[in-house]
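Working notes, structure below.
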Amino acid sequence: MSMTMSQKILAAHAGIESVEAGQLIDAKLDLVLANDITAPVAIREFLKSGAKTVFDKSMVALVMDHFTPNKDIKAAAQCKLTREFAGQYEIENFFDVGEMGIEHALLPEKGLVTGGDLVIGADSHTCTYGALGAFSTGVGSTDMAAGMARGVCWFKVPAAMKFVLTGAPSRWVSGKDVILHIIGMIGVDGALYKSMEFTGEGLHHLSMDDRFCMANMAVEAGAKNGIFEINSQTRAYMEEHSKRPYVAYSADTDAHYDEIFEIDLSAVRPTVAFPHLPGNTRTIDECGGVRIDQSVIGSCTNGRIEDLRVAAEILAGRKVAKGVRCIVIPATQCIWLEALEKGYLRIFVEAGCAVSTPTCGPCLGGHMGILAQGERAVSTTNRNFVGRMGHTGSEVYLASPAVAAASAVKGFLASPDELHTDSD
Amino acid sequence: MKACGNAIKYGDNIDTDVIIPARYLNSSDPKELAAHCMEDLDKDFVKRVQKGDMIVGGKNFGCGSSREHAPLAIRESGVSCVIASTFARIFYRNAINIGLAIIECDEAAQKIADGDALEVDFDTGVITNRTRGETYRGEPFPEFIRSIIAAGGLINAIRDHRI
Ligand code: SF4
């Protein structure tokens, strides 16, 4: 029977020849993940389950990234509980302050996820690893607890939508613009319960960092997972990083897709999602100079080295506009160091940005850049729900690192092109 | 299994950030979470909600983060069931796994008004609107999921070796 990429991975992990959309299966997991917010709940449930050990000490990852370095006493208590659990149960992949990074940037970098894997994480953006050709999806803490105990998880096999990418994006257009464009087109529930599968020759023009960003935001269209066909760039990335051998799955030529979209990358413009939904998109040309108080460049969506490179390119020799706070958060310690070595951090500080240690921070309104009532931020993060970055009367505009950096210089939503045509 | 209560109605795309804002996620105590349930959307919810009440949402209820704190806060505030046109998938799993009853029914989501007296039969998926004298047919759960619910959630099902 013909299957999509996602269905092939599920079938292989369920130990059956084929699966079809809607089928309920129990499938073996390659990795289970939780963070400092979701792990405490998962640990409580794990202890209730009566399990004596985790299914595999090397296949559980606990990353302290959301409210760390501890933002308050309660956050400290949650990390302490998780740290003690990790010690007692000998979890090999426990990442604490000083070695941690934002989970979805960290795990691929550490080689803990690889192509063909089946991964669940108690964090909705676990779908990020689809960039590597893995089936990965967000679950809640109870699923994570059950996964830790049994090493298996129940799934309803998803139907799928196919996105065939063609052409090459123009300068300043990144994976972020492409995925915002797609979510704007299909809506925040446009892919509800389904897989979003990305293929086509346009893939070659999207870097791994672009793909991580796009797979990351599949959940913002309601998708169960986003997945990219493995090509030469994916192989090169995995050969450099992965700890385990990968398996490359591609869809059968006659696999069923509920819908097929062709996306011409050369036609995508820098795109911004206005408050309060990621699907509420406009091209930069339709933004009308919205004034901003803050620009955030970071997160599991856009805190990778290429994102910082683009921001540094734009901010080099320029200044953040008076009255704007620009906060740059490299997503992992490795990325932080690389940005240091390449001189990006100096550029940011000289431009008047604050540079932070890796953390989720303001992305979820945790700390390190909370908005007051009436304030507006342009942000490279992935959600702009009411109150997401602070007061319920504040606003978040989602954009690429290029737009966030250019807007920081201008003081209003702007494209980098606007900088090159004048003397900023 | 049946539940009775009054409807508390909201719109489409109710996200987990408004169900339980992230600033309260430094706790996982259900009681503490329930004290802030729906706070960023409806400040009066906590004062208004009575044991047994049902939240009625539109499309994509529970979208956004995977925080199980969201269904936990709803369950702990006394809500007996959430009815919506569709649910975001992680919220759907989480609700089942922690034993919060949910039911998908587009007709009910559209026709029920705030304050209507409702009765839900989970075995048949039938929702009765006593205020309007109407019934709507929702989706009952498949067998596999009913076995999880019958055990009182996923963790109990594992402990009792039911799955
Ligand atoms: S950076 Fe934001 S979206 Fe990503 S894991 Fe952290 S809180 Fe979630």
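With the convex hull drawn over the C-alpha atoms of the protein assembly as shown, the volume per residue is 136 Å³. A Förster distance of 45 Å, applied to the separation of the beta-carbon atoms of residue B:121 and residue A:185, puts the FRET efficiency at 0.70.
What percentage of the solvent-accessible surface of the protein assembly as shown, computed with a 1.4 Å probe over protein heavy atoms, is contributed by carbon and sulfur atoms?
Of all accessible area on the protein assembly as shown, carbon and sulfur atoms account for 50 percent.
Summing +1 for each Lys or Arg and -1 for each Asp or Glu among the other residues whose beta-carbon sits under 14 angstrom from that of residue A:371 gives +1.
Solvent-accessible surface of region B:86-151, averaged per residue with a 1.4 angstrom probe and all protein chains in place: 40 square angstrom. Ranking B:54, B:34, B:66 by how far each Cα lies toward the positive end of the dipole of region B:27-77 (charges on Cβ) leaves B:54 at the top.
A simple spin-label model places pseudo-atoms 7 Å from Cα toward Cβ; at residue B:9 and residue A:201 they are separated by 5.4 nm.
Between the C-alpha center of region A:251-289 and that of region A:85-154 there is a gap of 28 Å. Given R0 = 22 Å, the distance between the Cβ atoms of residue A:57 and residue A:244 translates into a calculated FRET efficiency of 0.90. Remark: for residue pairs A:319/A:342; A:176/A:410; A:176/B:59; A:8/A:110; A:194/B:2, the C-alpha separation exceeds 27 Å in A:194/B:2.
With 30 Å² as the minimum drop in accessible area between chain alone and full protein complex (1.4 Å probe), the qualifying residues in region A:71-102 are A:74, A:78.
The spacing between region A:351-401 and region B:145-162, judged by their C-alpha centroids, is 40 Å. Counting charges near residue B:42 (Lys, Arg +1; Asp, Glu -1) among other residues having Cβ under 14 Å from its Cβ returns a value of -3.
For region A:1-64, which trypsin sites (Lys or Arg not before Pro) pass both filters: DSSP loop (anything but H, G, I, E, B) and at most 12 other C-beta atoms within 10 Å?
Hits after loop and neighbour filter: A:52.
Given +1 at the Cβ of Lys and Arg, -1 at the Cβ of Asp and Glu and no other charges, the dipole of the protein assembly as shown around its Cα centre is 1220 debye to the nearest 20. When only alpha carbons of region A:160-239 are considered, Rg and Dmax amount to 12.0, 36 Å.
How many Å² of accessible surface get buried when B and A come together, counting both sides, probe radius 1.4 Å, rounded to the nearest 100?
Approximately 3700 Å² gets buried when B meets A.
Run the paramagnetic zone check for residue A:291: 7 angstrom along Cα to Cβ, then residues of region A:352-387 with backbone nitrogen under 17 Å. Of the residues in region A:352-387, A:372-378 have backbone N under 17 Å from the label point off residue A:291.
Calculated accessible area for region A:14-114 comes out at 39 Å² per residue, all protein chains present (probe 1.4 Å; ligands, DNA, RNA ignored). Put simply, the C-alpha atoms of region A:5-265 give a gyration tensor, and the ellipsoid matching it has half-axes of 30, 21, 16 Å, longest first. Taking A:66, A:181 and ordering them by how much accessible surface each has at a 1.4 Å probe, largest first, produces A:181, A:66. Split chain B at each of the trypsin sites (Lys or Arg not before Pro) in a DSSP loop with at most 15 other beta carbon atoms within 10 Å, and the longest piece is B:52-129.
For region B:30-75, a simple Cβ point-charge model (Lys and Arg +1, Asp and Glu -1, everything else neutral) yields a dipole of about 140 debye relative to the Cα centre. For residue A:142, neighbours were defined as the other residues whose beta-carbon sits under 10 Å from its Cβ, and their charges (Lys and Arg +1, Asp and Glu -1) total 0.
The values are calculated or read from the model by the stated rules, or taken from the named source; none is laboratory data. Given the structure is predicted, the values throughout are model-derived calculations rather than measurements. Here the Cβ is made from the backbone with ideal geometry for all residues, glycine too, and neighbour counts use every protein chain on show. Heavy atoms of the whole protein, side chains included, go into the accessibility calculation; ligands, DNA and RNA do not. Shrake-Rupley method; radii C 1.70, N 1.55, O 1.52, S 1.80 Å.
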